[in-house]
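All remarks here apply to the structure that follows.
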Amino acid sequence: MKKKTSNRTHFLWAVGGLVFVTIVWTVATIYSAVQLGSQLSAMNNRLEVAAVARHSRNLSYTTRVLSALTLHRNATIESLDSALQIASRSETIANLLNELQSEIQTEELDLTRLLSEVTELEPHLSRLAKNLPHCAVCTKLITPQQLVQISNLLAQVSTFSTAASHFSTGEHRYLILLQNSDELRATGGFAGSYIIATIAEGKLQPLIIEDIYDADGQFTGTIPAPPGVDTYLSSDKGLRLPDANWDPNFPTSAKQLFQFFSFGDRGEFEGVIAITDNYFEELLTAMDPIWLPDYQLTVTPENLTDVLRSDRSDFFAGSIQKKHLLEQFQNQLVIQLSSIDLRQAAMITLSHMYQKNILLYSRNEQIQTIIEELSADGSLISKNSTAFLAFVESNVGINKANKHISRAMAISREGTSLRVWYLLQNDNEPPQTTELTEVGNLSPSPTLKTASAAANHLGYINYQRILYPKSWEITSLSYNSEPLPLSETTTETIPYPNLKETSQTGFLVTLPEKSVGLLEVVFTLPETTPTPLELELYKQPGTLPFPIWIEPTTPQIFDTNPTMILEKNSDTIIP
């Protein structure tokens with residue numbers, strides 16, 4: 001009898017202990033969940049990041065058990081477990097980022113630990129992206145459209161883990177092209193300088209910054225110049241490195257750049273990153289003004305491009321003045337970056353990548369696929385586009401007129417006729433009368449091989465290109481109501497890899513200071529063109545977002561509220 005009583009007592013103690021452990025476990029889980037929610041809602045500093053990570057780790061013990069009990073098949077539990085695994089690593093990653101930020105001035109920046117941590121996130125990110133659309137609780141809290149968007153975002157974020165794994169081993173040399181959008185070119189601006197960045201075995205080596213003419217001076221051969229460059233920029237020397245970013249399809253220009261740098265004895269590069277000064281101008285708003293002691297100058301967002309550009313007449317191979325200025329700016333910028341708000345800097349970077357002010361290309365197929373998934377490859381059009389239209393400007397006046405050039409567009413369709421108005425406005429102040437006398441006529445002579453004679457003013461000398469499907473035909477072209485003879489334009493077919501065959505028509509237009517220019521183009525479309533027409537519109541890197549009117553209803557096209565603002569390549573419906 002005593003034995004039975006003893007067994008019953010032990011059983012009751014076991015049940016009681018299990019109940020007690022369950023209650024404590026449940027209370028701890030609920031407490032951690034409440035604390036996690038509280039910390040997430042007010043996460044603004046490192047302490048809160050640490051708290052989020054701690055509560056996430058506590059909760060993850062529960063989700064791991066539940067995940068095992070459900071044989072890893074419950075999408076809600078799997079989603080929660082993946083999210084907690086990611087959040088639990090946030091403190092480590094945040095600490096590593098802060099360490100790197102404090103060490104940014106060192107000769108060699110060791111990225112190995114950060115790259116390793118980011119690489120280990122990939123399976124959790126992929127699992128979360130897979131399960132989130134099927135998460136029962138999530139569908140109650142988030143709309144189906146938002147779930148799809150979040151899943152797509154998670155899939156894109158997971159690509160960073162793949163990239164981190166790639167850069168953890170081996171040597172990777174990247175060319176960073178600095179483009180001045182005040183002198184607009186096809187991929188964003190005149191490329192006056194560049195940086196060579198090398199990551200070897202996960203460690204960032206000291207950056208090398210040079211003037212574009214250093215590498216150009218090493219090339220003694222001749223490459224035929226494309227239309228536009230040959231007449232206005234080549235000086236009978238063919239295509240040169242400073243104009244190698246002439247093609248608006250960035251992967252094409254990137255390959256041309258690789259060829260020139262190889263000829264210029266700068267070795268091979270795995271990839272290229274093109275950045276316009278618009279990005280650096282906004283980045284400077286997140287930090288204190290940069291003092292250049294050797295030049296007794298303070299660099300601000302307002303004077304950045306004025307300070308960093310050199311007089312073009314001083315450009316020659318081996319010149320060290322501009323290189324010295326850029327190196328000092330780089331050194332002072334690095335000092336400032338050691339204290340910048342990393343989240344603010346990240347948001348600025350993503351915003352400019354979205355607006356195509358940061359473009360990337362890699363020879364590595366895996367990395368290039370990631371770049372394309374992020375829509376950061378700078379392709380002229382998307383691969384699945386059936387109809388597209390691109391207006392591409394190139395400043396051949398060798399001046400900085402584009403800082404105060406704005407634009408707008410209107411599109412109207414009637415049957416197989418598509419009419420497009422492209423407006424350019426030059427808000428630059430005119431030069432003094434004496435300068436005007438020296439410059440004379442704004443338009444360069446057709447036989448002129450360089451437009452340097454126009455450098456003393458801010459009139460806009462624009463080699464305008466229009467790119468459109470080969471099946472379309474331009475039947476009418478005018479500028480400020482004056483017909484532009486099609487015989488004076490240059491039209492060619494460009495067989496872009498992976499893209500539709502493209503026609504390109506180019507011609508010169510000029511726009512004096514304080515004036516407006518209106519280009520009107522009429523296309524004849526094939527009879528088989530669908531109604532409505534889904535048209536992809538091109539946003540040129542280095543330009544500000546601009547308004548577009550679709551099927552304007554008044555003669556004063558640009559006096560009403562626009563249909564849309566073009567911030568990146570965008571599909572729109574033309575009735």
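Worth a mention:
- The listed residues are Leu304, Leu284, Leu325, Leu308, and the only one of them that is of a type outside the set (Asp, Glu), modelled with pLDDT under 75 and surrounded by 18 or more Cβ atoms within 10 Å (Cβ to Cβ) turns out to be Leu308.
- Options Ile223, Ile212; residue that is of a type outside the set (D, E, K, R), modelled with pLDDT under 95 and crowded, with 22+ Cβ neighbours inside 10 Å: Ile212
- Only one entry in Thr198, Thr187, Thr222 is closer than 30 Å to Glu492 by Cα, β-branched (Val, Ile, Thr) and either out of contact with any helix residue (DSSP H, G or I) (no Cβ under 9 Å at 6 or more places or on another chain) or outside the structural domain of Gln328 (by TED's automatic domain parsing) (or both), namely Thr222.
- Long-range neighbours under 7 Å by Cβ, at least six apart or interchain, first residue surrounded by 15 or more Cβ atoms within 10 Å (Cβ to Cβ) within segment 557-575, second of a type in the set (D, E, K, R): Leu566/Lys539; Asn569/Glu536; Asn569/Lys539; Ile574/Arg413
- Looking only at residues in segment 66-89 that are within 20 Å of Ser126 (Cα to Cα) and at pLDDT below 75, the one that is farthest from the chain's Cα centre (by Cα) is Leu66.
- Count of residues meeting criterion [farther than 30 Å from Gly397 by Cβ and either of a type in the set (Val, Ile, Thr) or assigned by TED's automatic domain parsing to the domain that holds Tyr232 (or both)] in segment 508-537: 4
- Test: residue in segment 84-92 that is outside any helix (DSSP H, G or I), closer than 22 Å to His166 by Cβ and of a type in the set (Lys, Arg): yes
- Spans of strands (runs of 3 or more DSSP E) in segment 494-575 with at least 3 residues at pLDDT below 95: 570-574
- Residue match in segment 188-198 (condition: part of a loop (DSSP other than H, G, I, E, B) and closer than 25 Å to His404 by Cα): yes
- Remark: pairs (first residue in segment 254-280, under 14 Å from Ile195 (Cβ atoms); second residue modelled with pLDDT under 90 and in a strand (DSSP E or B); Cβ separation under 9 Å; 6+ apart in sequence or on different chains) = Arg266/Glu210.
Here is a yes/no grid of residues against (1) among the polar types (S, T, N, Q); (2) in contact (Cβ under 8 Å) with a residue 24 or more places away in the chain; (3) surrounded by 18 or more Cβ atoms within 10 Å (Cβ to Cβ):
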| site | (1), (2), (3) |
| --- | --- |
| Leu467 | no, yes, yes |
| Asn480 | yes, yes, no |
| Pro485 | no, no, no |
| Ser515 | yes, yes, no |
| Leu525 | no, yes, yes |
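- Evaluation of Leu111 against the conditions (1) under 30 Å from Leu333 (Cβ atoms); (2) in contact with a Cys (Cβ under 6 Å, 6 or more places away or on another chain) shows that the sole unmet condition is (2).
- Which numbered condition Glu107 fails, given (1) closer than 20 Å to His172 by Cβ; (2) part of a helix (DSSP H, G or I): (2)
- Which numbered condition Ala345 fails, given (1) within 19 Å of Pro251 (Cβ to Cβ); (2) under 15 Å from the mean Cα position of the chain (by Cα): (1)
- Taking residues in segment 160-178 that are at positive phi, and partners anywhere that are among the hydrophobic types (A, V, I, L, M, F, W, C) and part of a strand (DSSP E or B), the pairs with Cβ atoms closer than 9 Å and at least 6 places apart or on different chains are Gly170/Ile199; Gly170/Ala200.
- Filter result (over 21 Å from Ile466 (Cα atoms) and crowded, with 23+ Cβ neighbours inside 10 Å) within segment 226-253: Leu241
The values are calculated or read from the model by the stated rules, or taken from the named source; none is laboratory data. Quick caveat, the model's predicted, so the values are computed rather than measured. No Cβ is skipped: glycine too gets one built from the backbone with ideal geometry, and neighbour counts run over all protein chains shown.
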